[in-house]
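The values are calculated or read from the model by the stated rules, or taken from the named source; none is laboratory data. Computed from a predicted structure; not experimentally measured. Please note: Cβ atoms are built from the backbone with ideal geometry, for glycine as well, and neighbour counts cover all protein chains shown. To get the accessible areas, we keep the full protein, side chains included, count just its heavy atoms, and leave off ligands, DNA and RNA. Shrake-Rupley method; radii C 1.70, N 1.55, O 1.52, S 1.80 Å.
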Amino acid sequence: NLAHSSQAIQHYRKALSSYRQGGTPADLYQLYFKLKALLSENSYQQLELVQQIVGALSKDAAFSEFKSILLRDKINLLLQDKALDKALKNCLELQQLLKQLYQPKLEVQLAFYLGEVYAQRGKWHAALDQLTRASKKIYVIHRPDFHVQTLIQLALIYKEQALYGFALKILYSAKEIALKKGFTEQINEIKLHLGHIYLLVHNFLKAFELL
């Protein structure tokens with residue numbers, strides 16, 4: 001399997017290196033996602049791949065949507081590597097690009113990334129601003145899975161500031177939606193966070209019920 005995977009990577013890399021401006025976004029999009037899947041275990045090579053494809057992109061507006069996806073993936077990889085400055089720079093570039101596009105899902109993902117960068121830097125107000133605005137977007141409200149995840153992220157920012165009352169209120173709102181929709185994985189995540197908060201405030205009985 002490893003031999004076949006290596007051959008496939010070489011094949012797609014060769015196709016990528018021969019790519020010229022005349023290619024279509026669909027051609028490059030297909031190449032990228034095949035290579036991305038093959039390199040899923042190697043974040044360094046994934047980042048290298050993203051940078052290579054961004055360099056090959058035409059400035060044509062037709063490529064803007066694809067570039068926004070590449071930037072999202074690049075930010076995710078940079079955050080995994082704790083490269084906060086580079087992640088923020090790419091977040092701001094993606095933010096500018098999204099002003100020209102209708103990509104509500106990417107806008108929410110960007111808010112998560114910005115929230116993470118700002119939280120890691122201790123800029124709690126900026127992190128809260130990103131996630132509060134994201135939680136009120138029509139796209140998020142109409143997508144219960146995104147709504148619950150956004151509320152969880154927002155609650156965690158309050159938790160990190162020891163604002164446990166706000167965190168609990170938001171987590172219980174998220175839990176109510178998750179229970180109605182049967183989001184088992186998110187219900188378990190919410191219970192874990194609730195239990196941890198109750199431990200922090202020394203409500204051990206409540207924590208024991210949840211953990």
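Assuming 0.36 nm per residue, please report the length gained on full extension of the stretch Ile69 to Glu41 beyond their Cα-Cα distance.
Answer, rounded to one decimal: 8.2 nm.
Counting protein heavy atoms only, the stretch 74-115 has 48 percent of its accessible area on carbon and sulfur, 1.4 angstrom probe. Surface composition of the stretch 166-211: carbon plus sulfur atoms hold 62% of the accessible area, using a 1.4 angstrom probe and ignoring ligands, DNA and RNA.
Between the listed residues Leu192, Ala178, Asn203, the Cα displaced farthest toward the positive end of the dipole of the stretch 163-211, a dipole computed from Cβ unit charges relative to the Cα centre, is found at Ala178. For Asp85, the shell of other residues with beta-carbons less than 14 Å away shows a net charge of +3, using +1 for Lys and Arg and -1 for Asp and Glu.
Rg/Rh for the stretch 83-211: what does it come to with C-alpha atoms and Rh from Kirkwood? Numbers along the way, then the final one.
Numbers: Rg = 15.5 Å, Rh = 15.3 Å.
A ratio of 1.01.
In percent, rounded to a whole number, the relative contact order of the stretch 117-195 is 24, using alpha-carbon pairs under 8 Å and six or more apart. Think of a 1.4 Å ball rolled over the protein heavy atoms: the stretch 61-199 then has 51 Å² of accessible area per residue. Using Cβ point charges alone (K and R +1, D and E -1), the dipole size of the stretch 88-211 about the Cα centre works out to roughly 260 debye.
Obtain the nm distance between the two label points defined at Glu176 and Lys34 by a simple spin-label model: each point lies 7 Å from its Cα along the Cα-to-C-beta direction. Between Glu176 and Lys34, the label points sit 5.0 nm apart.
So which of Lys105/Lys169; Lys89/Lys123; Lys82/Lys169; Lys36/Lys181; Lys67/Lys99; Lys86/Lys159 end up more than 23 Å apart by C-alpha? Walk me through the intermediate numbers first.
Details: Lys105/Lys169 25 Å; Lys89/Lys123 16 Å; Lys82/Lys169 30 Å; Lys36/Lys181 32 Å; Lys67/Lys99 13 Å; Lys86/Lys159 26 Å.
Too far apart for the 23 Å limit: Lys105/Lys169; Lys82/Lys169; Lys36/Lys181; Lys86/Lys159.
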